[in-house]
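Asker: Sharing a structure, written as structure tokens. Questions coming.
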Amino acid sequence: MKFKKYINLPTKLTLAIMLVFIAMLTVFSVIFYSTGSVMENEAIKHIEYNAEAISRSLDEVVLNIYNVSDTFALDDRLSEYTERDYSSDLTRKRFATTQISNVLFASYDLLRNNEKMAAFINNHTGEVFNFLNPNADDEKCRQALDAMEVNSSDKLAKFCWYPVTYNFLKQDTTGDIRKDNAIIGSRRVFSRLHNSYIGVHIFALSEETLYKKYSEIASQYDSTIYIMNESGALLSSSSENVLANGYVPEDLRNPVLNREYDRFEYGSKLVFVQSSAVNDWLTVICVPQSSLTDVVTKLHRWIFAVLISCGLIALFLTMFFYKKFMRPVSVLSTAMRRVNDGDLSAYVTETPPNNELGQMLAYYNSMLGSINKNINERLRAEKHKKQLELDILMNQINPHFLYNTLETIVWKSTEAGCPDIGRIAASLGRMYRLSISGGNLFVSIHQELEHVGAYMKIQQSRYEDGFTFETKAGYAQLRDFYTIKMLLQPIAENALAHGIDGLDRVLHIRLTVKVLKDHILVRITDTGAGMDRDKLKRVRHQLQTGERAASDTPPKRKKSTGIGMHNVYERLRIYFGGDADISIWSRKNTGTCVSLILPIISPDEAKKLNEEKNN
């Protein structure tokens, strides 16, 4: 017999390692690319939500100040204090300022925790009352306020905010730029009693107050946050350098003010803009695009590094062991070729049996001797034996091989510090055992609930906090009631797949089981997207007939268990007839409820039905 040319073992091993390595890199790349895209979309939604939350939080602060101003705009006592002539007695003015701050403001219990008015300018006398520092130089305060034109007639009674600046109304500085800087707000107040503008309310909102509203979010995504108005003036920023400069960088300010959409790319960053609901403030979040998928990227690189290292180590060990054992294997290969050509005298020179190769050579010579002694009988006996072993192995390999493989995955994942993978494998193994159920068709409802629970555990590792699942049933009691297997899991899968699709909130799924007098009621409810009346009508038709309406779009999900809701309906009808039923209720944007009515089957009845099925 002639042998064709063949590739030597080192080359085969090298090629095999490279192919496996390339395949693994390809699979991991696809997985990580998909995961990165999903994470980026989720991160964008989360940042948009945070931008809205920051804007709402700032609006609450501003509304609080507006309420304070409204309250004291209607309080004539403030006018009574501030309209007196203090020109000849500065001490008396400072005492009155202190009285207003400590007595008048404090008399409003509801305002004690609110933002305090910083100063008041009397429109008739021109006096400045500084409530933050009654001993401050009134002339300097007046000059600073006049420079802002807080009492300009064109501002009417509108509340005006000015760019962040040093808080000149305070006396002492802390050295902390956020505590020393403030956003000055002013409002000219109209008095119905005097039928004129009586003064200006001045508020000095500490920049630190605004910063605390978004500092955690800024650090979470390594982002820079700006609070600015629609004129481009800076009010607050997470960057102290920007705060020290006192203005938004022009190359960012102009795109924000001229934007078409509230989310756009700015160099290597994504910019999110949220407008205030009560004034002209803008919340601007600049996030590096790399930080959106930073975790996945780092993990991707780490796994690639590990795979490359493992590949190089495997290649080195392969070459090392091949060279070490190449000669004995080559000798054995040559001898086996001679035997294949019919030369049953092709014995090899044995080496000391201190390793597997030495034992292999000895076993080879022994085997060749046995073949020469009684080749025909031996071959028939070995053939019969191998056939029996193969039959036994084929009967056992499916469940045991999968169980052992899953247990190995659980052990390996725990050893590698990845318990989540272990839990997924354990849940999959549990699902497989329950779905086999010893070949029985009828299983306890308790086992069905375990099967659904194992499936949901696997899905929670995929969706993480995207949904919750709870079971409300008496587990111990349900061991005494049976039904056909694989009945509840397709319904739970359907609730998850269609309920979570496009949902902007956490999906809640609940499975309840009630044992009634003459039947068992099972309900699977979800708080998902739900259906309108027309779609619900089509789904009910499809449930009973298995036919999808022509107007329905093909389902997005191409992978499923293959059982489906219609299959559940058909199995109920075949095995239980009119004793079982399934119904669906749903409301758009509220959720869906699937209800099952099952007959009561005792353990003895289930045993009898299983024996009839197996026989």
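No value in this document is a laboratory result; all are computed from the given coordinates. Keep in mind that this is a model prediction, so the values were computed, not measured. Here the Cβ is made from the backbone with ideal geometry for all residues, glycine too, and neighbour counts use every protein chain on show.
Asker: What order, most packed first, do the peptides 453-459, 17-23 have when packing is the mean number of other Cβ atoms within 10 Å of each residue?
Answerer: 453-459, 17-23
Asker: Lysine pairs in the range 107-179 8 or more apart or on different chains: how many have alpha carbons under 24 angstrom apart?
Answerer: Count of close lysine pairs: 9.
Asker: By how many nm would the segment from Val27 to Tyr247 grow when fully extended, if each residue of separation counts as 0.36 nm and the alpha-carbon distance is taken off?
Answerer: Details: separation 220, 0.36 × 220 = 79.20 nm, distance 4.79 nm.
Value of the extension gain: 74.4 nm.
Asker: Need the C-alpha centroid separation for the range 529-544 versus the range 567-593, integer Å.
Answerer: 12
Asker: Roughly what would the spin-label model give for Asp579 and Lys212, points 7 Å off Cα along C-beta, in nm?
Answerer: About 6.8 nm separates the two model spin labels.
Asker: Something else about it: Which peptide among 51-60, 465-474 comes first, and what is the full order, when sorted by highest mean count of other Cβ atoms within 10 Å?
Answerer: 51-60, 465-474
Asker: What does a probe at Asp154 reach in the range 186-212, counting residues whose amide N is under 19 Å from the point 7 Å along Cα→Cβ?
Answerer: 186-189
Asker: What FRET efficiency, computed as 1/(1 + (r/R0)^6) with R0 = 35 Å and r the Cβ-Cβ distance, is obtained for Glu470 and Ser34, rounded to the nearest 0.05?
Answerer: Working from the Cβ atoms, E equals 0.75.
Asker: Another question, then. Calculated FRET efficiency, Glu80 and Leu257, Cβ-Cβ r, R0 51 Å, to nearest 0.05?
Answerer: Working: r = 44 Å, r/R0 = 0.87.
So, using R0 = 51 Å, E works out to roughly 0.70.
Asker: Highest mean first, how do 195-203, 572-580 rank when packing is the count of other Cβ atoms within 10 Å averaged over residues?
Answerer: The densest-packed peptide leads the list: 195-203, 572-580.
Asker: Take the Cα gyration tensor of the range 157-197, multiply each eigenvalue by 5, square-root it, and list the three semi-axes largest first, rounded to whole angstrom. Please report the intermediate quantities before stating the final value.
Answerer: Working: eigenvalues 187, 26, 5 Å².
Whole-Å semi-axes of the equivalent ellipsoid: 31, 11, 5.
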